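What follows is a short report on a single structure.
The values are calculated or read from the model by the stated rules, or taken from the named source; none is laboratory data. What you see is a predicted model; the values in this text were computed from it and never measured. We place every Cβ from the backbone using ideal geometry, glycine too, and count neighbours over all the protein chains shown.
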Amino acid sequence: MTITTAQTTILRPVVEVITSERTLEGGGFPVRRPFPTTRLPQVDPFLLLDHLGPVTWGPGEGIGAPDHPHRGFETVTYLLSGGFQHKDSAGHAGKLAPGDVQWMTAGSGVVHSELPSDEFMRNGGVMHGFQVWVNLPARDKMIAPHYQEIPTAGIPEARSIDGSVKVRVIAGEALGKRAVIETRTPIYYLHFTLEPGGTIHQPVPAGFNALVYLISGTVQTGKERTPVHEGQMARLGDGDVVALAAEAAAPADLLLLAGQPLNEPVARYGPFVMNTREEIEQAFRDYQSGRMGSIHA
Ligand code: CO
């Protein structure tokens, strides 16, 4: 995006700071979840943000999410520590190591399992990562399932000129680097690491919904330099630049998510996200009658 000199840069303000709810997901692993909640069902087009761990498991203790379906949206898994393996009804199977990203477009439906890797189950360790659900526009909800699996070495990275800020560009663009992952609608998924005192102004197109989630440390954002702490999410108002500043004495690690809102009706129940109640009922019928397939050993 280009900011012309005739245009004044508008810093995105903080609308609210949300402290994540703590809950158990899948087979019972701990997540911090800023949304969805009854008060904030989505940040269109994002339907869910789960911060998994960091949690230390001993050998044999790791917990994942056994066979379950999805339809009508995308699940994006980003691992920081540990190891996952996945399998699905379309015959895909793979592994996720630290830094890897799996962007799964469930579309018309898959049944998949997301479990700690065999190696992790043998040795135990620290599991830490994210799952984000990205809604699909009505026109794309029934497309064929599709996978983009990017190993950590394939995720573009950049550093600010003064070296104080690193970004991993999972979707969108930052510091002159463009993501290799393709999205169905315009999305930014950026992982920023700020050294103590590090600052960055990240352009995000006006009209996109945007949020900042703190993995660790504290960052100040918005005109008022509102502090956002570990496990908190700042929902940002409109503008064209997100200002981020770490504290003088401590680093900060965060996700910046932004996307063009779909502005379509959302009907969701568990693992299905459609536009109408009838489509949700159809999804249940299709799943129960085996039309989303099953995982073959
Ligand atoms: Co899943």
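Quick one: F46 ticks every box in (1) within 16 Å of the ligand (Cβ to nearest atom); (2) touching a Pro at 6+ places or on another chain (Cβ under 9 Å); (3) at pLDDT 95 or above bar one, so which box is it?
Single failed check for F46: (2).
Count, please, the residues in the stretch 185-215 that happen to be in contact with a Ser or Thr (Cβ under 7 Å, 6 or more places away or on another chain) and under 15 Å from D44 (Cα atoms).
Going through the stretch 185-215 one residue at a time, the tally reaches 1.
Please specify each residue of the stretch 61-75 satisfying the condition of being in contact with a Lys or Arg (Cβ under 9 Å, 6 or more places away or on another chain) and at pLDDT below 95.
Going residue by residue through the stretch 61-75, those that are in contact with a Lys or Arg (Cβ under 9 Å, 6 or more places away or on another chain) are 67, 71-74.
Result: D67, single match.
State all residues of the stretch 76-110 that are within 11 Å of the ligand (Cβ to nearest atom), of a type in the set (V, I, T) and either at pLDDT below 95 or buried (at least 22 other Cβ atoms within 10 Å of the Cβ) (or both); if no residue qualifies, say none.
V76, V110 - these are the residues of the stretch 76-110 that are within 11 Å of the ligand (Cβ to nearest atom), of a type in the set (V, I, T) and either at pLDDT below 95 or buried (at least 22 other Cβ atoms within 10 Å of the Cβ) (or both).
Pick from G222, G259: which is at pLDDT 95 or above and buried (at least 16 other Cβ atoms within 10 Å of the Cβ)? Lay out the reasoning, then the answer.
Details: G222 fails: at pLDDT 95 or above.
None of the others qualify; the one that does is G259.
For the stretch 89-148, enumerate the residues that are part of a loop (DSSP other than H, G, I, E, B) and among the hydroxyl-bearing types (S, T, Y). Working first, answer last.
If we filter the stretch 89-148 for residues that are part of a loop (DSSP other than H, G, I, E, B), which is where we start, we get 89-92, 97-100, 106-109, 117, 124, 136-137, 141-145.
Listed by number, the residues that qualify are S89, S108, S117.
Exactly one of these conditions fails for G62: (1) within 12 Å of the ligand (Cβ to nearest atom); (2) farther than 29 Å from L262 by Cα. Give me its number.
Failed condition: (1).
Output the number of residues of the stretch 267-292 satisfying the condition of being in a loop (DSSP other than H, G, I, E, B), within 14 Å of the ligand (Cβ to nearest atom) and touching a residue at least 24 places away in the same chain (Cβ under 8 Å).
Quick first cut of the stretch 267-292, residues in a loop (DSSP other than H, G, I, E, B) only: 270-271, 275-276, 289-292.
Still in the running and within 14 Å of the ligand (Cβ to nearest atom): 270-271, 292.
Subset that is touching a residue at least 24 places away in the same chain (Cβ under 8 Å): 271, 292.
Number of matching residues: 2.
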